[in-house]
Structure formats: C-alpha cells, structure tokens
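Read through the structure below, which is laid out as structure tokens, and then see the notes.
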Amino acid sequence: FCEGIAEELINGLGRIHNLRVASRTSSFKNWSDDLDIREIGVQLGVSTVLEGSVRKAGNQLRVAAQLINVEDGYRLWSDRFDRTLEDVFAIQDEIAENIVKALEVTLSPRERRAIQNVATQDVEAYDFYLRGRKQFYLMSRRSYEAARQMYQRAIELDPGYSLAYAGIADCCSFLYMYAESTAENRRLAVEASQKALELDPDLGEAHASRGLALSLSEDYEEAEREFQEAIKLNPRLFEAYYFYARSCYARGEYSKAAQLFEQASDVRPEDYQAPILLVQALIGMGLSAERVRPTLERALEIIEETLEANPADSRALYLGAGAIQDLGDSDK
C-alpha cells in the first residue's frame, strides 16, 4: 500500500514537464539504513526528496509526508493526514499539490488534471491493482499470470478502471513475447488495450499498451501512432519509448530504435533492458563490436547493480550472461 501511494505520486508528478522525477525502480531501491536523505538525494541526482510513512488500523489511515531540500537537509513542507481508507486518493492529491506549491512549479491545465486524476474511487479495486503491479515487475510467466488475475479482480470491482485494462493488455503482450505466443494472448492484448482507451483516451499508459499489442500483430503504422500519442501525453513514460523502440527494431529500423532506446534510458537510467537492446540496434546499424563495447559494458554495470538488489531477476541474469559472453568471459 505504501509503495502504491509512492507510485501514484511518481506517475502523477512525472507528467509535469518542468519536473524531473526519479523512477519507481530508483525510488524503491533498498537504501542502506546509515544513509540520510541528503545522501539518497545525491545518489538519485535530485534536489528534493519526498519521504513518508503509512499506518493502517482497520479503516483508519495515517499518512505522514515531508519534502526535504537535499542541499541543506531542511524541510520544505510536511504534513500528517488522519483519515479513513476511502480518503487515500484525496491524500495523494493533497501531497502532490503541496509538492507543486513548495517547488513553485507552474502547471498547464493538462498537467493539473494529470496530478488530480484518480484512476478509481474503489479502494479495494485500487489494492488489487497495486498487487498486480507488484507481480508484473517480477517479470516471469507465473508473475504475469498472477498480475493479470489481480487486474481482473480490480475490474470486477470497478469496470471503468482503465489502468487495470492497460495492465491486462501488457500481461497478455508479455506472455505472448516470453511464454506462450498464441493468437489468443495477442487478441486479448489488443482488446484490453482498446477498452482502456475507450475508458480514458488521455491515458498515456493505455496508448503505450495499445501500441505494443498492435506491434505484436505487425500493425506497425497504427502502433507508431499510438506510441507517439503516448509520448505526447506523458513524455516521462518509459514504456512508451521502450515499446516503440522494440517495434522499430522488429521492423529493421535500427537507427530509430537506437534513438528510442537511448530516450528510454534517459527517462529510466537504472533500467538494464533499454541499454542492452540498444547494443543490438547499434550492431544492426553496422557498428563494430569494438564501437559498441563501451555501451555494452555500461549495460552490464546496470545489470550487476540490479542483481545486487534482486539476485532472482531471471531476465537480468540471462541478458547479463549474453553481455558477458559478448565481452569474451565465457566462464563467468
């Protein structure tokens, strides 16, 4: 639940053009207990850090939050919210609004709607959605199937939950790519992403999910339009660049794929998938092994950092193994 509130704030604030927000993966890193907020801020490369805590007893909720200036360690804003569970969305809105005020950020009308947008008013549906997201990030066949079940439970409680439909689309797409390449999985991905867009045409995640599903059906031109719309709606959405890059790579557009993989890495520097696939795109462009070696070494550094935090990340293990092989250390 704590992670869910943090992720909602990251997603909402990440849509503000004048604000650079550290990604989910960076923020959720297992920080050492002896690091203070200023040191964490330096490692994240940010000037302010939001920290908070959640306590829950029955239907009662206490959320404490404070915004800290990394340079001097002073609080820019702090507050405590004693509410019922149903008020969690209002609490998130208030925290986001106070961050914007404290940092003196000017919002466009679309950006203001983005940080105030609540995907669902059903707390139980929201909880299932958060459980689904947690499973999805584990990146295995079993976790994708579990995530799809969680998203489905969320939709049963709130049939208008567009983010949950986008989540189902991604689960089906990833199952198609990595586990079971059936026409059924591909069809379900297309249908779920279409439903997500019908419910919320301004949801960048829905357009990115739709683009991925269409690209798996080799409808590349329509997929490209969806990816471009996703980036327009949310320029900080990693999946929009990453899925778009994969689509271009599949079409043999290596130069464009390389550019998009680089943009995906800029949005989420700690992600290892975009830089390792960037290497493949550069090779596709005709660059020599020696030319791509620095990029490959940097990608391997990110993979090794990922495995320190999560040794069971199977995708990091097999992509890392391929990178080490390409660097000439077969035994390792």
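Checking the stretch 21-30 against the condition returns no match, with no residue being at pLDDT below 90, in contact with a strand residue (DSSP E or B) (Cβ under 7 Å, 6 or more places away or on another chain), closer than 30 Å to Gly204 by Cα and crowded, with 16+ Cβ neighbours inside 10 Å. Going by the structure shown, is Glu262 in contact (Cβ under 8 Å) with a residue 60 or more places away in the chain, touching a helix residue (DSSP H, G or I) at 6+ places or on another chain (Cβ under 8 Å) and either of a type in the set (Asp, Glu) or open to solvent by less than 20 Å² (accessible area, probe 1.4 Å) (or both)? Against the criterion (in contact (Cβ under 8 Å) with a residue 60 or more places away in the chain, touching a helix residue (DSSP H, G or I) at 6+ places or on another chain (Cβ under 8 Å) and either of a type in the set (Asp, Glu) or open to solvent by less than 20 Å² (accessible area, probe 1.4 Å) (or both)), Glu262 does not qualify.
For the stretch 271-315, the set of residues classified as closer than 16 Å to Leu327 by Cα, touching a Phe, Trp or Tyr at 6+ places or on another chain (Cβ under 8 Å) and open to solvent by less than 20 Å² (accessible area, probe 1.4 Å) consists of Pro275, Leu278, Ala299, Ile302, Ile303, listed by residue number. Within the stretch 242-259, the set of residues being open to solvent by 40 Å² or more (accessible area, probe 1.4 Å) and of a type in the set (S, T, N, Q) comprises Ser255, Gln259. Identify, please: which residue in the stretch 46-83 is touching a residue at least 40 places away in the same chain (Cβ under 8 Å) and open to solvent by 30 Å² or more (accessible area, probe 1.4 Å) and is, among those, farthest from Cys2 (Cα to Cα)? Per the stated criteria, the residue is Thr48.
Here the stretch 287-326 is the region considered, the condition is being at pLDDT 90 or above and over 30 Å from Tyr144 (Cβ atoms), and the residue that is nearest to the chain's Cα centre (by Cα) is Glu297. Taking the stated definitions as given, is Ala258 assigned to a helix (DSSP H, G or I), within 22 Å of Ser181 (Cα to Cα) and at pLDDT 95 or above? In short, no. Does Glu94 satisfy the condition of being open to solvent by 20 Å² or more (accessible area, probe 1.4 Å) and modelled with pLDDT of 90 or more? Against the criterion (open to solvent by 20 Å² or more (accessible area, probe 1.4 Å) and modelled with pLDDT of 90 or more), Glu94 does not qualify. Return the total of residues in the stretch 223-241 being surrounded by fewer than 24 Cβ atoms within 10 Å (Cβ to Cβ) and part of a helix (DSSP H, G or I). Here the count works out to 9.
The values are calculated or read from the model by the stated rules, or taken from the named source; none is laboratory data. As the structure is a computational prediction, the values presented were derived from the model and not from experiment. Reconstructed Cβ throughout: ideal geometry from the backbone, glycine too, with neighbour counts over all protein chains shown. Side chains included, ligands, DNA and RNA excluded: accessible areas come from the protein's heavy atoms. Shrake-Rupley method; radii C 1.70, N 1.55, O 1.52, S 1.80 Å.
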